[in-house]
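The values are calculated or read from the model by the stated rules, or taken from the named source; none is laboratory data. Please read these numbers as outputs of a predicted model, since none were measured by experiment. With ideal geometry, Cβ positions are generated from the backbone for all residues, glycine too; neighbour counts draw on all protein chains shown. Side chains included, ligands, DNA and RNA excluded: accessible areas come from the protein's heavy atoms. Shrake-Rupley method; radii C 1.70, N 1.55, O 1.52, S 1.80 Å.
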Amino acid sequence: RVLLRNSILKDVVYVIDRSGSVTESNFNEAVNFIYMVTEYLTIGNDAIMVSIVTYSDSNRLEFAFNAYSTNTSLLAAINSLSGTVTTGSTHTGEALQYVQSNILQISNGARTGVDKVVVVLTDGASNGVIDPGTAADSLRSEGVEVFAVGIGTSHLNELQDIANDPASYHVMYVSEFIYLCGLIPALVPKLDSSLTATLLADCKTDPVTTTPWPTVTSSILSAETESKTGIIVGTVLASVVVIAVTIVVTIVVHKILVKRKRVHVRITFVPGIGFTTQEI
């Protein structure tokens, strides 16, 4: 692992799902992921400060921005979250509203004039009253950058609503918690662009989710393209049929006129109308 440390001012809030759908062992995997990401960051009053909120159908501040100002003390605090009891529903919208109202405040150690980042980590769709996308939009209205890290692929649309655009940059997901380590090289430089993180040697490759968010978007775009292509082809075929019928009718008319009147007929194609005949 290569650590390239440079100072950058940023307040980062990790918002971690501890609802009943997350087993305690999986929650520990989430904590370990946050630990390994934070290991790369430079922590301090003149660098990055971190606050952590865990949530289910209730929100809990684990520690404020100004609680720990060194890498060593912060990493120890993150590690102590292992063993947290998971229970309750998944109220992601309420958690994001709580972050905006209570965490990104001077009273919680947030600094003025410093970029704010929220990283949401959840394993399923929200079932609270507040829409997560609406709550995230409120954060964005205050200049907050929101990332969404998902476990499982059933709630990708919600992850996209939560995260900033483009989704290909701000949405990351894996099929199971044990594969979160594979996202470390992607998330670290997004929190500090001067850093480079390498994939851990013992990190297992996710057999299901091996590509980023655009996979879903691509399939949608592909379907739309096929639909539009079908419409175009159908229109062209219909035009060909109309032209063919017009030619046949015109030829028949021509033969009748020539046979009956023994006259010359000029056949002209008029765009949008078809073939016309004119006695000469």
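Is it the case that residue 155 is modelled with pLDDT under 95 and either farther than 19 Å from residue 41 by Cβ or open to solvent by less than 40 Å² (accessible area, probe 1.4 Å) (or both)?
yes
Here are 57, 17: which of them is among the acidic types (Asp, Glu) and either in contact with a strand residue (DSSP E or B) (Cβ under 6 Å, 6 or more places away or on another chain) or crowded, with 18+ Cβ neighbours inside 10 Å (or both)?
Numbers: 57 fails: either in contact with a strand residue (DSSP E or B) (Cβ under 6 Å, 6 or more places away or on another chain) or crowded, with 18+ Cβ neighbours inside 10 Å (or both).
Sole residue among the options that is among the acidic types (Asp, Glu) and either in contact with a strand residue (DSSP E or B) (Cβ under 6 Å, 6 or more places away or on another chain) or crowded, with 18+ Cβ neighbours inside 10 Å (or both): 17.
Working only within region 170-196, note down all residues that are hydroxyl-bearing (Ser, Thr, Tyr) and either out of contact with any helix residue (DSSP H, G or I) (no Cβ under 8 Å at 6 or more places or on another chain) or part of a helix (DSSP H, G or I) (or both).
Residues satisfying the conditions are 175, 179, 193, 194.
Say whether the condition of being within 21 Å of residue 39 (Cα to Cα), in contact with a Cys (Cβ under 6 Å, 6 or more places away or on another chain) and crowded, with 19+ Cβ neighbours inside 10 Å is met by at least one residue in region 168-182.
yes
Of the conditions (1) in contact with a Ser or Thr (Cβ under 6 Å, 6 or more places away or on another chain); (2) open to solvent by less than 10 Å² (accessible area, probe 1.4 Å), residue 136 satisfies every one except a single condition; which number is it?
Condition (1) is where residue 136 drops out.
Tell me which of these residue 37 doesn't satisfy, since it passes every other one: (1) among the hydrophobic types (A, V, I, L, M, F, W, C); (2) assigned to a helix (DSSP H, G or I); (3) surrounded by fewer than 18 Cβ atoms within 10 Å (Cβ to Cβ).
The number of the failed condition is (3).
Take the residues of region 80-110 that are open to solvent by 40 Å² or more (accessible area, probe 1.4 Å) and over 28 Å from the mean Cα position of the chain (by Cα): which is nearest to residue 137 (Cα to Cα)?
Filtering region 80-110 for residues that are open to solvent by 40 Å² or more (accessible area, probe 1.4 Å) and over 28 Å from the mean Cα position of the chain (by Cα), the one nearest to residue 137 (Cα to Cα) comes out as 106.
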